[in-house]
Amino acid sequence: MRRIGGWKWAALWLFAFSLLWNTIGAQIRYTIPEELKEGSIVGNIAKDLGFDISDIAERKLRIASESNKQYFSVDSGKGDLVVNGRIDRETLCGQSANCLMPLQIVIENPLQLYSVEIEIQDINDNAPIFHNKNATLKIPELIAPGARFTLESADDLDVGSNSLKTYSLSSNNFFRLNVKTLKDGRVVSELVIEKNLDREKQSIHNLVLTALDGGNPVKSGTFVLQIIVQDINDNEPQFEVAAYKASVLESAVSGSSMIKIKATDLDEGPNGEIQYLFSAHTPEHVRNVFSVNAETGEITVIGKLDYETKQMYTFDVCAKDKGNPELEGQSSVQIDIIDENDNPPEIILTSLPSPVPENATVGTVVALITVKDLDSGINGKVELTVSPDVLFKLKPFHNHYSLITDSLLDREVHSEYNVEILAMDSGVPPLKTMKTVNVKVLDVNDNPPLFSQSSYNVYINENNLAGVSLFSVSATDIDRDKNAVLTYSVLDLSSNPFPASFYFYINSENGTIYSMSSFDYEKVKLLSIVVQAKDHGSPPLSSNATVHVFISDHNDNAPAVIYPSTSMGSVSHQRMPRSAKAGHLVTKVTAVDADSGHNAWLFYRLAEATDASLFSVNLHTGEVRTKRAVSEHDDSSQRLLIEIKDNGEPIQSTTVTVDILIEDGFHEPISDYREKTIEPKKKTGKITLYLIISVASVSLLCLLTCFILLVKCARGSRSCCIRRTNSEYKNPNRNLQIQLNTDGPIKYVEVLGGDMMSQSQSFGSYLSPMSEFSDLTLVKPSSTTNFTDTLNVLDASFPDSAWTFESQQVRQTQI
């Protein structure tokens, strides 16, 4: 702002900082003077809009102006609307009486839009100026007093009271000044002749024309006018009408004719020849778009017309003769510009589109949109639509639109949308504008990880190395970023005897499963674990897959001899009569193999013998029989070395040594008690004292075993059963058969049942003698040690007995 002296300084600044605001509906208006100092406060926008100061920063209050330059800013600390740069009303609004600057106040969370208007008041910062500093006017000396000559007009960029108000003329004796206001509001001056001119007395008059505005203080501009007095030519041209009026389309091309003016001159000769031209004070912008044919008076278009820039042109034309001095007549011309639909609608994004979470509710605001059309009337009426194949729609409000969601979104189907917005006006033909708004959809953790299959089967050999990679599982998550980052873990199953971490470790990042220990097929054949894949979303989602780990058998166990027992020494002792014939059953070697399948198939052979011609060993059953009758020359003491081999690779084997004592007068007991029915009352007297003690001991052991089995059954262990048979009951499922010698001790024991030895664990036996020839049932123990301990009990109970176990072919049970 310019300096002003005296008491007027305070008055001007008091006017400059008087801020007026009013609300029209939801619209706020402030009034400020132009050239306000940068940083000056316009008003407290936060208070006027009803917001707390704390809401400004949190809700990101900002100004969205349609102009390229931001003239205002918001103080986020106080909520004040402050001036951000120099404001020149004449640059912004030109000669318009009202200068309004529209602002859009945008605040988020939720997204809201407020309209604010800033009225820029004019101050007297521009003096009136003439386009030319001097001019010459030729006036004939015979002109009568009262004649008028229009002088060049001055321009003042200010408006209202600060605009051009009047003119003044320097003191003289022949001329006076007449000031008048035209219909369009322009102030023009006329030079009026007051006295007759006498060229012979004074041929040149120099006058100063001063233009004054209405400001306080008054500003002025001067123009030097030189008047040359001419002689004779006493008739001036006269126009047919005092004012011409015409209209033209704004799309008129250069050279288009609008109107033809015509004037007449009563003089003859050169004094009556007329040429047409613009008056001296015609503005430059009129001369740029129109021209006057000097000979015909036809006014044509030479520049580009634009209704949106100027709707009407008013200017003066004159008709000048060629006399000496020249005389001229004047007339005014008004050209109205007719609007055409030549401006397409403009789509303005008041706020940039915000990314939308895929679980956003219907009606969520995505962006604020403004549309405008520089045309007027029906040509400026605009309809805004969106493409029908998207999940968005437009919601109008206060000449603006909000782009909102019209349906539920799914990022996994579409991660972003290109929303095409079409603006079409109502002109003929209609003009349209297309704008594409890119809306990104934010991911929400709404999809759990998925494994490629619900269960996996893994096969590994027993005795594997710990830490070896076994298998890799993989899951996918169609979410993105952290919602798709997966972590793998192993869950425990109640069916496993130990926690899953005891057996396996899984890489949490890639799902590779490693063994934590070496596996023994004879202890465990199948382990099932549950692998869980969990994402990093909030809340996290997960899914499970079951991995079945099958342990494959390896021939890592040698056959174990269970009869004859060698726990009391390295050699088993057996007796036989010298009267034995060929095929006589001497004893039976029984062995078991903890392996399975082919690895557990056993073969018996006689490795060494005192007399190899006397004895033979059955390849599959292990029965030791005589090959011929025993003669008197055969040694009474025979030693046999029997080898037992399995069918695995590599072959595992073991040996047992049997000493056979051939006695004279030794009587063979009944060979098979199952073929004869012996009454219990006839055998009672033949049981020796050792058998009674043994039966009592075994009975006590059986009772203890029953108690233990009942406890295990109550805990969910595998059911066990002890069957009791007597000599009168034919048991179809006998597992263990015992034959006694005539003097009491056991001769041999038979192990029956096809699948009994097919399990990976060893078996123990529990005796429950209820009669002289009780059947004993084998019960699956927890380990080979239990089975061996049971045999030791039998050895302790029958120290003088010779044991024989008869085994069936071992069959593999595959899982």
(request) Would you pull out the residues with amide H under 5 Å of residue 392's amide H, same chain only if 5 or more places away, H placed 1.01 Å from N? (result) 406
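Just the number please: accessible area per residue for the stretch 264-419, 1.4 Å probe, all protein chains included, in Å².
Dividing the accessible area of the stretch 264-419 by its residue count gives 48 Å².
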(request) Give the accessible surface of the stretch 450-552 per residue, rounded to a whole number of Å², with probe radius 1.4 Å and ligands, DNA and RNA excluded. (result) 52 Å²
(request) Any chance you could check the Cα centroid distance between the stretch 692-707 and the stretch 396-421 for me, in angstrom? (result) 86 Å
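For 219, 183, 588, what's the largest-to-smallest order of accessible area, 1.4 Å probe? Before the final figure, lay out the partial values.
Working: 219 50, 183 215, 588 5 Å².
Order by accessible area, largest first: 183, 219, 588.
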(request) Holding the Cα-Cα limit at 24 Å, pick out from 37/219; 310/435; 219/310 the pairs that are longer than that. (result) 310/435; 219/310
(message) For the ranges 348-354, 161-167, what's the packing order if you count other beta-carbon atoms within 10 Å of each residue, average per peptide, and put the highest first?
(response) 161-167, 348-354
(message) Return the Rg/Rh ratio of the stretch 148-248 with Cα-based radii and a Kirkwood Rh.
(response) 1.04
(message) Within the stretch 25-121, what whole-number % of the accessible surface is contributed by carbon and sulfur, with the 1.4 Å probe and all protein chains included in the calculation?
(response) 44 percent
(message) Taking θ = phi - 60°, what integer Hz values does the Karplus form 6.51 cos²θ - 1.76 cosθ + 1.60 yield along the stretch 527-533, in sequence order, with x for Gly and Pro?
(response) 10, 10, 10, 10, 9, 10, 10
(request) Would you mind classifying the stretch 378-480 by shape? Square roots of the alpha carbon gyration tensor eigenvalues, ordered a ≥ b ≥ c; an a/c under 1.5 is rounded, otherwise it is prolate if a/b is larger than b/c and oblate if not. (result) prolate
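Can you give me the Rg/Rh ratio for the stretch 238-338, using Cα atoms for both radii and the Kirkwood formula for Rh? Walk me through the numbers before you get to the answer.
Details: Rg = 14.1 Å, Rh = 14.0 Å.
Using Cα coordinates only, the ratio equals 1.01.
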(request) Only bridges with both residues in the stretch 450-552 count here: give the DSSP antiparallel percent, nearest 5. (result) 75 percent
(message) Sort 464-471, 551-558 by packing, meaning the average of other beta carbons within 10 Å per residue, with the highest value first.
(response) 551-558, 464-471
(request) Calculate one ³J(HN,Hα) per residue across the stretch 328-343 by plugging θ = phi - 60° into the Karplus curve 6.51 cos²θ - 1.76 cosθ + 1.60, and present them in order as whole Hz with x for glycine and proline. (result) 9, x, 10, 8, 9, 10, 10, 10, 9, 8, 8, 5, 10, 7, 10, 10
(request) Would you mind computing, in nm to one decimal, how far apart the modelled labels at residue 240 and residue 398 are, each placed 7 Å from Cα along Cα→Cβ? (result) 5.5 nm
(message) Looking at the calculated P(r) for the stretch 25-121, what percent of the C-alpha pair distances fall above 20 Å?
(response) 33 percent
(request) State, in angstrom, two size descriptors of the stretch 284-326 derived from its alpha carbons: Rg to one decimal place and Dmax to the nearest whole number. (result) 13.4, 45
(request) For residue 27, list long-range residues whose amide hydrogen, built 1.01 Å from N in the peptide plane, is under 5 Å from its own amide hydrogen. (result) none
(message) Please compute the Kirkwood hydrodynamic radius of the stretch 190-304 from all pairs of different C-alpha atoms, in Å with one decimal.
(response) 17.9 Å
(message) Suppose we take every Cα in the stretch 346-417 and form the convex hull; what volume per residue is that in Å³?
(response) 90 Å³
(message) Give me the percent of accessible area attributable to carbon and sulfur for the stretch 417-495, probe 1.4 angstrom.
(response) 55 percent
(request) Show the residues, 5+ positions off or on another chain, whose built amide H is closer than 5 Å to the amide H of residue 575. (result) 661
(message) Between the stretch 262-317 and the stretch 157-173, what is the separation of their alpha carbon centroids in Å?
(response) 26 Å
(request) Calculate what fraction, in whole %, of the accessible area of the stretch 238-338 sits on carbon and sulfur atoms when a 1.4 Å probe is rolled over the protein chains. (result) 48 percent
(request) For 381, 322, write out the residues from largest to smallest accessible area, computed with a 1.4 angstrom probe and no ligands counted. (result) 381, 322
(request) With all protein chains present, calculate the accessible area of residue 158 using a 1.4 Å probe and round the result to the nearest 10 Å². (result) 0 Å²
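Counting Lys +1, Arg +1, Asp -1, Glu -1, what net charge surrounds residue 204 among other residues with beta carbon under 13 Å of its beta carbon? Can you show the working numbers first?
On the way: positive: 138, 199, 201; negative: 141, 198, 200.
Summing Lys and Arg as +1 and Asp and Glu as -1 gives 0.
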(request) Counting only heavy atoms of the protein chains, get the accessible area per residue of the stretch 134-230 (1.4 Å probe) and round it to a whole Å² value. (result) 49 Å²
(message) List the aspartates and glutamates whose Cα sits under 16 Å from the Cα of residue 165, skipping any in the same chain fewer than 8 residues away.
(response) 122, 125, 152, 155, 156, 184, 190, 213
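The values are calculated or read from the model by the stated rules, or taken from the named source; none is laboratory data. In this text the structure is predicted, and so the values were computed from the model without any measurement. Note: ideal-geometry Cβ built from the backbone for every residue, glycine included; neighbour counts use all protein chains shown. For the accessible areas, the whole protein counts, side chains as well, though only heavy atoms, and no ligand, DNA or RNA atoms are used. Shrake-Rupley method; radii C 1.70, N 1.55, O 1.52, S 1.80 Å.
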